[in-house]
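Readers should treat all values here as calculations from the given coordinates under stated rules, not as data from a laboratory. Remember, predicted model here, so these are calculated numbers, not experimental data. Ideal geometry is used to build each Cβ from the backbone, glycine not excepted, and the neighbour counts take in all protein chains shown.
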Amino acid sequence: MPEAVRERGAGRGRRGPVGKFGLAEVYNPSMVPTLRPGDHLVVQYGAAVRPGDVVVVRHPFRQDLLIVKRAVERRDGGWWVRGDNPYVVNDSREFGAVPDELVIARARVRVRSPRGIQRSPLGVVAWALSAVRPLRADRSVSRRLRAR
């Protein structure tokens, strides 16, 4: 099943010096362990993409469906994208390179869902310390994905 993403605030994102920002919610497990279903992403529309970045793209065969993947490398025809979960194959191995015009946004920050946390003060503090993380280009993952 494709990695569905629901955009929030699309078209209402804040315009800053480097682009428009919005929110997206992750629904499927293709980016586990980096992203889990229920995680929210702060995304930047129109941001430059580098290998290793987590991006939101329109599915090449179903352009009404937004998916979250890792940009692995530039190829003829666009970006080669892959999920971090090796057991989910809905990525460029299935549909090929994604044209630049279908790359919608670059994910900047992940906000982990509070579902399943212990309601103790220590559990809440542990969640708060790990819930918000910047998503940086992971060069090691990019190299590992290319080597497969």
In order through region 88-99: 3J(HN,Hα) via Karplus (6.51 cos²θ - 1.76 cosθ + 1.60), integer Hz, x for Gly, Pro: 10, 9, 7, 7, 5, 5, 9, 10, x, 5, 9, x
Under-5 Å amide H pairs with SER113, H placed in peptide plane, nonlocal only: ASP39, HIS40
Sites ARG115 and ASP76, calculated FRET efficiency, Cβ-Cβ separation with R0 41 Å, nearest 0.05: 0.50
ARG50-ALA131 pseudo-label distance in nm [points 7 Å out on the Cα-to-Cβ vector]: 2.9
Amide H contacts under 5 Å for ILE104, placed H, 5+ residues apart: VAL56, VAL57, ARG58
Sparse-neighbour loop sites [trypsin sites (Lys or Arg not before Pro); region 23-117; at most 15 other C-beta within 10 Å; DSSP]: ARG62, ARG115
Sparse-neighbour loop sites [chymotrypsin sites (Phe, Trp or Tyr not before Pro); region 32-95; at most 14 other C-beta within 10 Å; DSSP]: PHE61, TYR87
Part-to-part distance (alpha-carbon centres) for region 28-53 and region 101-124, which is given in Å: 11
Directionally averaged projected area (convex hull, Cα atoms, region 36-135), nm²: 7.0
Other-chain or far-sequence residues with amide H under 5 Å of ASN28's (modelled H): ALA4
